[in-house]
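Single-structure report; data block below.
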Amino acid sequence: MTELKFAGLDGVIILVAYAVIMLAIGWFAGRSDKTVNNSLSNYYLAGRNLGIIALFFTLYATQYSGNTIVGYAPSAYRTGLTWLQSISFMTIIIGIYLLFAPRMYVLGKKYNFITPSDWLSHRFKSKRVTILAIFLMLWGLGNYLLEQLVAIGHAVTSLTGGTIPYQVAVVGFILVMLAYEWMGGMRAVAFTDVMQGVVLMVGVVIFLIGAIYLAGGKIGTITESIANVDPGLVGVPDLTTSINWFSMLLLVGFGAAIYPHAVQRIFASKSERTLKRSFARMAWMPPITTGLVLFIGLIGIVVIPGLDTAGSEQLVGLLANEIAGINGFFYWVMIIFFGAIVAAIISTADSVLLSFSSIVSNDLYGKYINPTAPEKKKLMVGKIAGVVVISLLLWIAWNPPGTLYEIFVLKFELLVQVFPAFVLGIYWKKMAAKPVFWGMLLGAVVAGLMTWTGHKTVMGIHGGVIGLALNFLVAVVGSILVPSAEEDDEEVAAPALTRMPTQN
Amino acid sequence: MNSKSIKEPIRKKWIWIGLVLIVLANVPWYFPVGDIYPLVFGLPYWALIILVASLVLSGYLYWVTMTQWNLVEDEEEQEQREGGAAE
């Protein structure tokens, strides 16, 4: 990101203020519940007691990262109105949740699930299905976290005009994040998300106002102005682009709904009513978040035309510079806004890290290494694993491997392969462990190889989606042909659901 | 909300048919490639239609979530009321 001429000491002050607020919230969250460190569900799921405000904002702040602004505005700049897809692909996530969240909430409460793999091992009772799923989830989460770490560094460096060097910035904010997470677990993550989510929402709106101000009278004629720069940016896209758009809807919809930290928020909800209301509100967030960012990117085409790909990546910084120059009010607003970007990145990173720790605590250590360990010990193992993985990822971030780089880009593509097992397993009794395992493996290998060899899409369709289709096919056809070795008589759904009529 | 019936979105086929139709309307495959004009409210007509379709998607999912999902809510609410009364 470009160095911001408006930043420097003022930026440092704002960042320190954000850090202090986050630490205070974490301390408060840990103090308000003395039992937080006694059990896995208290620490990782806030005692399954998140209310509507905390749950809504933790869903929001986790799903929308700093990248939603810093990365999506340049996408709009480069692809024009085709980036309208960012509204629908963020909305469809709620539709995918509706496929499984209602039942998963009931199951989670009944069987005290901590992680998504708790459900998989409960359902399939197969070591290899669970371990493969754990591997895919940890890989996806790890890469997601890596991306956030790199982003924190860039955002802070540009905000402070280099006053705080990249590495100090990253280490500083990671320590803050680890500290509040260590103190309060999911409760701290959710409470800080309320602050981080509000700041992000307000920040986007104010940034848009600044951009509109900057564009002056050109807003009414923005389409004409863009058409003069490049008519392709405002014209109906070609068929391959439309296919790619559909593919994005599938990849993001299925992938984001099945993210372990997303599933864990279903488990953490206080009640069905709370969960339902939070999801319903989330359905309206894309238009006022990615929709506004799209508009910012379009204004960028008119205000700062002619940037190449690398140049356009700096778009948010460039616009912020210009907006900060308008007057003293906008100067401070822009500094607060850049702080908001940092906060948004952290609010995503903390949730991902917590989820990573929970999988190590509960699944790897708790299921396979030392199942009889007391919960307190399992918890400590997870916390320490979090610190270790962060250190490892930092090392990778600062010494990026030259040739294997694409491996670290894979997240949705691999993660989404857990979907058939996770969701079909809820409703389809015949689904068997063996075909599920091979479907998941094959899907992951195909998606991984395609991305790795640089064939990210074929005719606009993402490797992850092709892998997912194959995965579904193997799991379904296999389960029909090879019936499950042991008939699982245990009712899958909760008792309340057995009263349910089959048709209504 | 006084309905006592248990509702689960996955059991209602029409919800998913509706969703697929709205999603189909959300991608501009049905317009002639390269078309820009006429402009409506300063936007190309096709972009406005896609924008409206995405708002319909939000509204539909909001509505389905709020009205077609009711598995244990009544039970939980009752428990909460009883718990609250006992305190």
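Summary table below
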read-out	value
Matching residues in the range A:166-197 - criterion: being of a type in the set (D, E, K, R) and in contact with a Phe, Trp or Tyr (Cβ under 7 Å, 6 or more places away or on another chain)	A:ASP193
Among (1) under 30 Å from A:GLY235 (Cβ atoms); (2) part of a helix (DSSP H, G or I), the one test that B:GLU82 misses	(1)
Sole exception among (1) in a helix (DSSP H, G or I); (2) crowded, with 20+ Cβ neighbours inside 10 Å for A:LYS434, by number	(2)
Among the residues listed as A:SER225, A:SER247, the single one being part of a helix (DSSP H, G or I), within 14 Å of chain B (Cβ to nearest Cβ), under 30 Å from B:TYR45 (Cα atoms) and within 27 Å of the chain's Cα centre (by Cα)	A:SER247
Test set (1) within 21 Å of the chain's Cα centre (by Cα); (2) more than 8 Å from every other protein chain (Cβ to nearest Cβ); (3) crowded, with 18+ Cβ neighbours inside 10 Å - B:TRP69 fails condition number	(2)
Filter pass, A:ARG78 being more than 21 Å from the chain's Cα centre (by Cα) and either within 14 Å of chain B (Cβ to nearest Cβ) or crowded, with 21+ Cβ neighbours inside 10 Å (or both)	no
Lone unmet requirement of (1) part of a helix (DSSP H, G or I); (2) more than 7 Å from every other protein chain (Cβ to nearest Cβ) for B:SER54	(2)
Among (1) more than 23 Å from the chain's Cα centre (by Cα); (2) modelled with pLDDT of 90 or more; (3) surrounded by fewer than 24 Cβ atoms within 10 Å (Cβ to Cβ), the one test that A:TRP332 misses	(2)
Whichever residue in the range A:155-168 is in a helix (DSSP H, G or I) and surrounded by fewer than 22 Cβ atoms within 10 Å (Cβ to Cβ) and, among such residues, is modelled with the lowest pLDDT	A:TYR166
Some residue of the range A:252-268 being closer than 30 Å to B:TYR30 by Cβ, facing chain B (nearest Cβ under 8 Å) and either of a type in the set (A, V, I, L, M) or buried (at least 23 other Cβ atoms within 10 Å of the Cβ) (or both)	no
The range B:26-41 - residue that is farther than 19 Å from A:SER88 by Cβ and facing another protein chain (nearest Cβ under 7 Å) and, of those, surrounded by the fewest Cβ atoms within 10 Å (Cβ to Cβ)	B:PRO32
Number of the condition not met by B:VAL23 [criteria: (1) buried (at least 16 other Cβ atoms within 10 Å of the Cβ); (2) within 25 Å of A:SER225 (Cα to Cα); (3) facing chain A (nearest Cβ under 9 Å)]	(2)
Residue match in the range A:68-79 (condition: hydroxyl-bearing (Ser, Thr, Tyr), within 26 Å of A:LEU120 (Cα to Cα) and at pLDDT 80 or above)	no
Of residues in the range A:270-298 being of a type in the set (Phe, Trp, Tyr) and touching a residue at least 24 places away in the same chain (Cβ under 8 Å), the one nearest to the other protein chains (Cβ to nearest Cβ)	A:PHE279
Any hit, the range B:57-64, residues being more than 19 Å from A:LEU250 (Cα to Cα), at pLDDT 90 or above and among the aromatic types (Phe, Trp, Tyr)	yes
Residue within the range A:274-286 that is part of a helix (DSSP H, G or I), over 19 Å from B:LEU55 (Cβ atoms), in contact with a strand residue (DSSP E or B) (Cβ under 8 Å, 6 or more places away or on another chain) and not hydroxyl-bearing (Ser, Thr, Tyr) present	yes
The listed residue being within 16 Å of A:GLY297 (Cβ to Cβ) and not charged (D, E, K, R), out of A:TRP27, A:TRP83	A:TRP83
Residue among B:ILE6, B:ILE15 that is more than 7 Å from chain A (Cβ to nearest Cβ) and either surrounded by fewer than 12 Cβ atoms within 10 Å (Cβ to Cβ) or closer than 30 Å to A:ARG48 by Cβ (or both)	B:ILE15
Some residue of the range A:92-106 being more than 14 Å from chain B (Cβ to nearest Cβ) and crowded, with 22+ Cβ neighbours inside 10 Å	no
Residues satisfying the stated conditions in the range A:169-214, i.e. among the aromatic types (Phe, Trp, Tyr), within 27 Å of A:ALA76 (Cα to Cα) and crowded, with 20+ Cβ neighbours inside 10 Å	A:PHE207
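The values are calculated or read from the model by the stated rules, or taken from the named source; none is laboratory data. All of these numbers come straight from a predicted model, not from anything done at the bench. Here the Cβ is made from the backbone with ideal geometry for all residues, glycine too, and neighbour counts use every protein chain on show.
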